[in-house]
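Before any comments, here is the structure.
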Amino acid sequence: MKKIWTLTLALALTMGLLVGCGGNTASTKTPEELTQLYFDAITNNGGEMVEYNPVISQAQEGDQSQIILESLGLAAEDMEAFGISMSLMNVQAYGIAAIMPAQDKAETVKQALQDYIDRQQQNFEMYLQDQYEVAKNAKLETLEDGTILMVMCQDQDTVFDAISTAIEQG
């Protein structure tokens, strides 16, 4: 499955380059390079929650990665590369995602992440006020290279800045 995923990504990137564009991004990195960059940026800058919620960077049928992508409302074909750390337990508003959307999928990815943030706000509004505040203050932005970055955690501004800086310097 990993080989098929890698070949599919390589073919998609190659096709984008052949028609004169490298997808919808300004990035010159390959999907594999972006995946490693996202993995490292989140692991090194995502705070203590990453220890309990390791970063996933590939979708494999039947494992936790599928559950995480479904929870976010995303499919593997929506993304060229990604790194995601999130809690599957509904006791904490926590999620960090760095995603390079597939060509023509930027709006789909951004909307799915916004919908996830909205659901977390609704889930915690009457349940845990501190976690509601975390969800309410989540950050979702598109970086200059086309990476869509979502950060929902304690101290989200600091975490967002550290991850976005790591990606931009990557």
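No value in this document is a laboratory result; all are computed from the given coordinates. Remember, predicted model here, so these are calculated numbers, not experimental data. Glycine also receives a Cβ, built like all others from the backbone with ideal geometry; neighbour counts cover every protein chain displayed.
With N as its number of residues, region 2-169 has a Cα radius of gyration that, divided by 2.2 N^0.38 Å, comes to 1.00. Length available on full extension from residue 114 to residue 129: 0.36 nm per residue minus the Cα-Cα distance, which gives 3.4 nm. Placing +1 on the Cβ of every Lys and Arg and -1 on the Cβ of every Asp and Glu, with nothing else charged, gives region 2-169 a dipole about its Cα centre of roughly 340 debye.
The length gained on full extension between residue 90 and residue 67, counted as 0.36 nm times the residue separation minus their Cα-Cα distance, comes to 6.9 nm. By the count of other C-beta atoms within 10 Å, a proxy for reagent exposure, 150, 89, 100 are ordered fewest to most as 89, 150, 100. Relative protection proxy for 109-116, 39-46, 127-134, from highest mean packing down: 39-46, 109-116, 127-134 (other beta-carbon atoms within 10 angstrom).
Residues of region 49-74 with an amide N closer than 17 Å to a point placed 7 Å from the Cα of residue 169 along the Cα-to-Cβ direction: none. Positive-end ranking of 96, 55, 129 along the dipole of region 2-169, with charges on Cβ about the Cα centre, is headed by 55.
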